[in-house]
Amino acid sequence: MSKRKFSTTRDILRFEGKDKAAYWRRFAMLLTLSVIIATMGMLRDSSAVVIAAMLVAPLMTPILGVAAAMVMGWLGRALNLALIVCGAALLSVLLAWFLVYVADVPRGILISDQVLARTDPGTEDLIVALAAGVAGAYVQINRSEVSLLPGAAIGVSLVPPLSASGVLLYFGEPAEAYEAGLLFATNLGAIILSACAVYIVYAARSVLFSKGRRKLNFTASVFVTMAFLAVVVIQLGKSTYNRYLETRTEAQVAQAIRDWADPVSVEIIRIDVNAKRKQAEVWVIVDLPAEAQFKVSSVAGLLPESLRETSLVDVLHSELGSGYLAVIRYQTRIGAQIILGTENVQQAPDVEEITEDD
């Protein structure tokens, strides 16, 4: 390696130098601020605030340091930095939980979309993390491209999954908290692996062709990283498959409801299927005939005869099968189409037809 490249690698590992106490004080301060910003942003469901937390987060540097130490064959440093990153991640989760606890957020409220967005990791998140790791390592070596670092920090999202995990633990959702932690693990392993590739290409190709302990250490560390990523990829594959299964099932359920209601107008507000837990939530609004407003009867009696013959529960059972826990929110409303100034009152057209015309 040239002197410039070697200095770059040492700079990535600067927290092991003479001023390491000052670096760790700065690291702790920035990490604390990042967790606070991310947690508050998630509670307020503000994507702008969460992005700000990504920019403040200092975790990218020690993670790149793990990759640099691996490439140089310094297993001791790589292990120490990896333990520091894992410890910082655990403390971030605990801090997020503590912040929500101190704020005394009611546990009965709905969890914000910013939190739930970190609970559904998939293979696409792995691809993003690999690309962000390449960008981060490239910027560390080529300081002229430092303007790219904020984009890499936003793309990889290290602190928000940790904050989301803490918030979810407070709300009593350990399974969802695990999914958020899995997203962080995905980012961690992918960044290390992709950063190793960049450092080898730009600064440390001699390690691959050298003999002795350094090459052995590098090979062993890469093998461990790839094994870790393999475990993560298996989990991501399951999540991605479940997501595909859920999306397909939701589309089938929606079509079955439309077929069941036809020709009555029906508006599907929400269909949420969780294949892993075997749970489904359906929100449906059915239009009653215009003359129903002049009748005194039960809601069931006002429904068109075709809808009374087969219940919505039977439709869901035929599509989802036995064993599913279904939550059905079923509402009715009067639907009419009126030519103003006349007495011409007809059944309202289907909601989807109106949407398509618009």
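The values are calculated or read from the model by the stated rules, or taken from the named source; none is laboratory data. Because the structure is predicted, anything quoted here is derived from the model rather than measured. Don't worry about glycine lacking a Cβ; one is built from the backbone with ideal geometry, like all the others, and counts go over all protein chains shown. Surface areas here come from the heavy atoms of the whole protein model, side chains and all, with no ligands, DNA or RNA. Shrake-Rupley method; radii C 1.70, N 1.55, O 1.52, S 1.80 Å.
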Of the residues that sit in the stretch 294-312 and are open to solvent by 90 Å² or more (accessible area, probe 1.4 Å) and modelled with pLDDT of 65 or more, which one is farthest from the chain's Cα centre (by Cα)? E305
L110 meets each of (1) over 30 Å from Y199 (Cα atoms); (2) of a type outside the set (S, T, Y); (3) in a helix (DSSP H, G or I) with one exception, condition (3)
Pairs needed: first member in the stretch 222-251, in a helix (DSSP H, G or I); second member anywhere, surrounded by fewer than 16 Cβ atoms within 10 Å (Cβ to Cβ); C-beta distance under 6 Å; at least 6 residues apart or different chains. L236/T123; T240/T123; N242/K276
From A204, A180, grab the single residue that is open to solvent by less than 10 Å² (accessible area, probe 1.4 Å), modelled with pLDDT of 85 or more and out of contact with any His (no Cβ under 7 Å at 6 or more places or on another chain). A180
Condition check for A82: over 20 Å from L33 (Cα atoms), open to solvent by 10 Å² or more (accessible area, probe 1.4 Å), out of contact with any Gly (no Cβ under 9 Å at 6 or more places or on another chain) and of a type in the set (G, A, S): yes
Please enumerate the residues belonging to the stretch 232-273 that are of a type in the set (V, I, T) and either open to solvent by 90 Å² or more (accessible area, probe 1.4 Å) or under 25 Å from Y324 (Cα atoms) (or both). I234, T240, T247, T249, V253, I257, V266, I268, I269, I271, V273
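Would you be able to tell me the number of residues in the stretch 42-58 that are more than 22 Å from G87 (Cβ to Cβ), assigned to a helix (DSSP H, G or I) and open to solvent by 30 Å² or more (accessible area, probe 1.4 Å)?
Looking only at that region, the number is 7.
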Qualifying residue in the stretch 134-151 (condition: under 17 Å from the mean Cα position of the chain (by Cα) and at pLDDT below 85): no
Checked the stretch 152-174 for anything at pLDDT below 85, assigned to a helix (DSSP H, G or I) and open to solvent by 10 Å² or more (accessible area, probe 1.4 Å); matches are A153, I154, G155
Check on V327, of a type in the set (V, I, T), loosely packed, with under 12 Cβ neighbours inside 10 Å and modelled with pLDDT of 80 or more: yes
Criterion: open to solvent by 30 Å² or more (accessible area, probe 1.4 Å) and touching a residue at least 12 places away in the same chain (Cβ under 8 Å) - qualifying residue of T119, T39, T32, T61: T32
